[in-house]
């Protein structure tokens, strides 16, 4: 599989190519929600913010499989506000639809993602837009890779005291494959 910003080819920071996965048909799953809250401005006043509906996670899982453990793949760059997951053999053809995508990146589509015209890939808008996001691979009980998950947003309280987070941090694990209610119970 390929996990990539659809505007980029192999050999750049925005893509991870040749991710070994078990062959078969994969189901796409997304978590989307409204990103809102409050912040304190320079004058010490608490102010509201609302970034609208955003994608918190894009994942694929092999139909009829269950993930037992997760392993870190890499941090992936986003430079066009989008992230996709494709069958690597069809990446060139599948991403053509993503490259032709209109500039309106953020959508109200209830599914939260789009398929390529030939159904060999999917893409979505990426959390808060351009940046770096973590990608994980899920293994079944036989240690076969059966799922891929890119996490764009985490709930409050996940980040360290300095505001950073690492790909191996235990606090990230629930967001890789956990229910959407994780974000509901812990506002973004």
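The values are calculated or read from the model by the stated rules, or taken from the named source; none is laboratory data. As the structure is a computational prediction, the values presented were derived from the model and not from experiment. Backbone-built Cβ (ideal geometry, glycine too); neighbour counts: all protein chains shown.
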>> Return the residues of the stretch 16-34 that are part of a loop (DSSP other than H, G, I, E, B) and either modelled with pLDDT of 90 or more or surrounded by 14 or more Cβ atoms within 10 Å (Cβ to Cβ) (or both); say none if nothing qualifies.
In response: 17, 19, 20, 21, 22, 23, 24, 25
>> Checking residue 138 against (1) touching a strand residue (DSSP E or B) at 6+ places or on another chain (Cβ under 7 Å); (2) in a loop (DSSP other than H, G, I, E, B); (3) at pLDDT 80 or above, only one condition comes out false. Which one?
In response: (2)
>> Taking the criterion of being in contact with a strand residue (DSSP E or B) (Cβ under 6 Å, 6 or more places away or on another chain) and crowded, with 18+ Cβ neighbours inside 10 Å, would at least one residue in the stretch 35-50 satisfy it?
In response: yes
> Can you tell me which of 94, 100 is modelled with pLDDT under 75 and in contact with a strand residue (DSSP E or B) (Cβ under 7 Å, 6 or more places away or on another chain)?
Replying inline: 94
> Of the conditions (1) more than 16 Å from residue 58 (Cα to Cα); (2) modelled with pLDDT under 90, residue 177 fails just one. Which one is it?
Replying inline: (1)
>> Among the residues of the stretch 127-135, are any out of contact with any helix residue (DSSP H, G or I) (no Cβ under 7 Å at 6 or more places or on another chain), within 27 Å of residue 11 (Cβ to Cβ), modelled with pLDDT of 80 or more and exposed (fewer than 13 other Cβ atoms within 10 Å of the Cβ)?
In response: yes
